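Asks: What follows is a structure written as structure tokens; I'll ask about it next.
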Amino acid sequence: MGASISRRSRNRSSRGKRTSDQRDTCSHSSISPSVKGTTIHGRVYHDVESSVYFFPMDEIEQDRLHGQHFGLKALFNGNLLAPVRDAVDLENHCHVLDVGCGPGSWLLDLATSHPNSKFVGVDIVDMFPSTIKPPNTEFHVANILDGLPMFADNSFDLVQMRLFASVLKGDQWIKTLTELKRVCRPGGMIQLLEVDYKVTGNQFVNKFTSKLVNIMASRGQDGEAAKKLAPMLTQAGFINPHTDHRPIAGGK
Ligand SMILES: C[S@@+](CC[C@H](N)C(=O)[O-])C[C@H]1O[C@@H](n2cnc3c(N)ncnc32)[C@H](O)[C@@H]1O
């Protein structure tokens, strides 16, 4: 399991934090129609042709993502890696974007404890919270493969994208990261977290993961994207990548 963070370099004309007026140039207006989904063997999957993402989108999946969120939070001792905690002061009116936020577990967790900041989630399907939704959160349906035209350049202090090896084809990473750099303000941070699908464990785990990696490859996905986060961030133009690894015991 690997998590990488990186900083967007400052340019000469935009040093320091943005003023509140500049923050207001962030426009959050476009909402696409919701994806209805296709049912296969009782599970509901998105039906967006351009996306190779293969997990379901139903309530069972939303529960799984919520549970997984708290597992990942425990594994990495919190929702933010230390360099992000140091650089982004969530008490101080930050704008945070979570790309592919699913049911919004990470955003809701942070939004509740940081009421002064604003938390925005986008996902290709609307599995967003409706009843428990803090006032400092908002959600939009968006396909990252089409970019994020609803957000102005330099809109966010922190951008997160988590568990996207099952979302992106190997050759879609750089374009996607470049779009995230566009919406991240100069000096802002990006945080990524990926599973290295080539985990080793008992015989069953080894067989399962090697089949999974082969299936991902047949769909154009890269099961080893976790190992490449730092170089991909650099290629997309971010600076000072920092990577943190956590071993997980498969099959125990
Ligand atoms: C593995 S889940 C991770 C969810 C969330 N980031 C988390 O950590 O719990 C991947 C998410 O990406 C969304 N997704 C898939 N393809 C997408 C796309 N092309 N654009 C935006 N979101 C997408 C899925 O609907 C799903 O919610």
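The values are calculated or read from the model by the stated rules, or taken from the named source; none is laboratory data. All values reported here derive from a predicted model rather than from experimental measurement. Neighbour counts run over all protein chains shown; Cβ positions are idealised from the backbone, glycine included.
Asks: Hey, ASN240 hits all of (1) touching a residue at least 60 places away in the same chain (Cβ under 8 Å); (2) surrounded by 17 or more Cβ atoms within 10 Å (Cβ to Cβ); (3) not in a helix (DSSP H, G or I) but one; which does it fall short on?
Replies: Among (1) touching a residue at least 60 places away in the same chain (Cβ under 8 Å); (2) surrounded by 17 or more Cβ atoms within 10 Å (Cβ to Cβ); (3) not in a helix (DSSP H, G or I), ASN240 violates only (2).
Asks: For residues in the stretch 151-174 being in a helix (DSSP H, G or I) and surrounded by fewer than 20 Cβ atoms within 10 Å (Cβ to Cβ), which is nearest to the ligand (Cβ to nearest atom)?
Replies: GLN172
Asks: Here is a follow-up. Listed residues ALA217, ALA230; which is small (Gly, Ala, Ser), touching a Pro at 6+ places or on another chain (Cβ under 7 Å) and modelled with pLDDT of 95 or more? Full working, then the answer.
Replies: Numbers: ALA217 fails: touching a Pro at 6+ places or on another chain (Cβ under 7 Å).
None of the others qualify; the one that does is ALA230.
Asks: Look through the stretch 33-66, keep the residues that are hydroxyl-bearing (Ser, Thr, Tyr), loosely packed, with under 15 Cβ neighbours inside 10 Å and in a loop (DSSP other than H, G, I, E, B), and return whichever of them is nearest to the ligand (Cβ to nearest atom).
Replies: Per the stated criteria, the residue is SER50.
Asks: In the stretch 216-234, is there at least one residue being surrounded by 14 or more Cβ atoms within 10 Å (Cβ to Cβ), within 24 Å of VAL159 (Cβ to Cβ) and among the hydroxyl-bearing types (Ser, Thr, Tyr)?
Replies: yes
Asks: Right, something else. Return the total of residues in the stretch 77-128 being away from the ligand (no atom under 14 Å from the Cβ), touching a residue at least 12 places away in the same chain (Cβ under 8 Å) and part of a loop (DSSP other than H, G, I, E, B).
Replies: 11
Asks: Next question. Filter the stretch 74-104 down to residues that are surrounded by 23 or more Cβ atoms within 10 Å (Cβ to Cβ) and of a type in the set (Gly, Ala, Ser), then give me how many there are.
Replies: Adding up the residues that qualify gives 2.
Asks: Right, something else. Within the stretch 116-140, take every residue that is under 18 Å from VAL183 (Cβ atoms) and among the aliphatic types (A, V, I, L, M) and give me the one that is surrounded by the most Cβ atoms within 10 Å (Cβ to Cβ). Full working, then the answer.
Replies: Restricting attention to the stretch 116-140, the residues satisfying the condition of being under 18 Å from VAL183 (Cβ atoms) are 117-124, 137-140.
Narrowing the set further to residues that are among the aliphatic types (A, V, I, L, M) leaves 120, 122, 124.
On the way: VAL120: 26, VAL122: 22, ILE124: 23.
Once the filter is applied, the top-ranked residue is VAL120.
Asks: Collect the residues in the stretch 175-209 that are basic (Lys, Arg) and either without any contact (Cβ under 8 Å) to a residue 40 or more places away in the chain or crowded, with 23+ Cβ neighbours inside 10 Å (or both), keeping them in residue-number order.
Replies: The first filter runs over the stretch 175-209 and keeps only residues basic (Lys, Arg), leaving 175, 181-182, 185, 198, 207.
Answer for the stretch 175-209, where residues must be basic (Lys, Arg) and either without any contact (Cβ under 8 Å) to a residue 40 or more places away in the chain or crowded, with 23+ Cβ neighbours inside 10 Å (or both): LYS175, ARG182, ARG185, LYS198, LYS207.
Asks: Considering only the stretch 134-146, state which residues are more than 10 Å from the ligand (Cβ to nearest atom) and in a loop (DSSP other than H, G, I, E, B).
Replies: Scanning the stretch 134-146 gives PRO134, PRO135, ASN136.
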